[in-house]
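A.B. asks: Next up is a structure, given as structure tokens.
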Amino acid sequence: MDKASTTTSPSRFWRIWQTLRGTNSTFLTNREVPERDLTGKWIIVTGANNGIGLEAAKTFAKWGANLILACREPPEWETHPSVAEQECKALAESAGHASTIEWWKLDLTDLGSIDGFAQRWRDANRMLDVLCNNAGISTTGAQKVHTKDGFELTHQINFLSHVYITLRLLPSLVQSSEPRIVCTTSCHHFLGTFDLEHFNSDPGMRGEPYGNNKLYYQMWVTELQKRFLANDRLKHITVNGINPGYVNSGIWNNPRPDITQSRSETRSTAFFKFLARYLAITPQQGSLAIVNAATSPTLGPDPEVQGVGAPGGIGGGHYINRIWPAQSMPYCADENARREVWEKLDEELHLEERGLYAALRD
């Protein structure tokens, strides 16, 4: 019988301290994140019309990458993806690049939309160099909202759908010489509660959906890299989880304005938006966490382990606090806990039945 997790959650003081370390507001320049030549590279960025996703896409465009902006049809307060597409094209052209930059619709609240997106990509017969799993929302509040697939909204958008699209696009990632997957986790994973009995944010859940899912997400990043390394066909792929920092972006807006928040939730949202206005970094600064994880030789493959990459690469499976490798929650180092998350994902998404887990072994 497989062993169950025996990891004990660290003290609340330690978890809060680690979370606060994630709010580091050091101003980053091109000295810390220098420009790279991305000519000919293919990059997909989810949630690329707003916040750090848009800013990362703009940087990739200026550096010559071919880009797919993977976005839903957004609410009126967000930049429309068609506008983001034109802005990225203009930046690429002004830098002298003849890149392909397109908006493709992707709705992470609908697994069918992910299937359609992945099939469209595979029909284009392109290798994929970098997948940036960036899109996300803040917690919807006490009034739970479920997607058409039956999952709690935050759980699906912030975690399940990124797992699903990564495995759907794996055949294209394999074709690249040094593919990378960049997952926007969060320093809030330190505030998460390991509660698989309520994996789908079910009634009785301990903790709250946002922190819990960021914890599961960072654990999955570590487990996925372990499984890549165990397969000679996949070991050249590098996946890392990044904390972009405390960013003043649209994520602090109520993600479902059609649902009335409680008085305490309204106050909490207002409080975080107030703090963000004065203490948080800009989306451009936050986006450098994505850009750095996607391009830095240091955060690339470990040549001794993965057989590719520049000297000094540390490989994947890590938690990156902005641009600096950092300690993650102890659950991430617990093989039994990670296996439990892996199996729980199969329960919800039927990944073995769909052949997506088999692709990691073949």
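A.B. asks: For the pair residue 298 and residue 6, what calculated FRET efficiency results from E = 1/(1 + (r/R0)^6), where r is the Cβ-Cβ distance and R0 = 35 Å, to the nearest 0.05? Spell out each step's value before the answer.
C.D. replies: Details: r = 33 Å, r/R0 = 0.95.
That gives a FRET efficiency of 0.60.
A.B. asks: Once the piece of chain linking residue 82 and residue 233 is laid out straight, how much longer is it, given 0.36 nm per residue of separation minus the C-alpha distance between them?
C.D. replies: Extending this stretch completely gives an extra 50.7 nm.
A.B. asks: Something else now. How about residue 226: which aspartates and glutamates have a C-alpha closer than 16 Å to its C-alpha, ignoring those fewer than 8 places off in the same chain?
C.D. replies: Cα-Cα hits under 16 Å: 302, 304, 334, 335, 340, 343, 362.
A.B. asks: If you roll a 1.4 angstrom probe over the protein chains with everything in place, what fraction of the accessible area of the range 102-234 belongs to carbon and sulfur, to the nearest %?
C.D. replies: Values: 2070 of 4380 Å².
Answer for the range 102-234: carbon and sulfur cover 47 percent of the accessible area.
A.B. asks: Among the DSSP beta bridges whose two residues both lie in the chain, what percent are antiparallel, rounded to the nearest 5?
C.D. replies: Antiparallel: roughly 15 percent of the beta bridges in the chain.
A.B. asks: Another question, if that's okay. Summing -39500 (n - 2.57) over the DSSP H runs of n ≥ 4 in the chain and dividing by its residue number, what mean residue ellipticity at 222 nm do you reach, to the nearest 500 deg cm²/dmol?
C.D. replies: -11500 deg cm²/dmol
A.B. asks: Separation between the residue 206 and residue 226 pseudo-spin-labels, each 7 Å from Cα along Cα→Cβ, expressed in nm?
C.D. replies: Simple spin-label model gives 2.1 nm for this pair.
A.B. asks: Please list, ordered by chain and number, the residues whose modelled amide H lies under 5 Å from the amide H of residue 103; skip anything fewer than 5 residues away on the same chain.
C.D. replies: 69
A.B. asks: Using per-residue counts of other Cβ atoms within 10 Å, averaged over each peptide, order 157-170, 228-241 from highest down.
C.D. replies: Descending mean neighbour count gives 157-170, 228-241.
A.B. asks: Match the structure shown to one of the listed values (i) 31; (ii) 14; (iii) 39 of percent of Cα pairs over 36 Å apart, computed from it, and give that label.
C.D. replies: Here percent of Cα pairs over 36 Å apart agrees with entry (ii).
A.B. asks: Calculate the length of the line joining the C-alpha centroid of the range 5-61 to that of the range 280-320, in whole Å.
C.D. replies: So the separation of the two Cα centres works out to 10 Å.
A.B. asks: Read phi for every residue in the range 93-107 and hand back ³J(HN,Hα) as whole Hz from Karplus 6.51 cos²θ - 1.76 cosθ + 1.60, θ = phi - 60°, with x for Gly and Pro.
C.D. replies: Residue by residue, the range 93-107 yields 5, 5, 8, x, 9, 10, 8, 8, 9, 9, 9, 10, 5, 8, 10 Hz.
The values are calculated or read from the model by the stated rules, or taken from the named source; none is laboratory data. What you see is a predicted model, and the numbers here were worked out from it, not measured in a lab. So basically every Cβ, Gly included, is an ideal-geometry build from the backbone, and we count neighbours across all protein chains shown. SASA here: full protein model, heavy atoms, side chains in, ligands and nucleic acids out. Shrake-Rupley method; radii C 1.70, N 1.55, O 1.52, S 1.80 Å.
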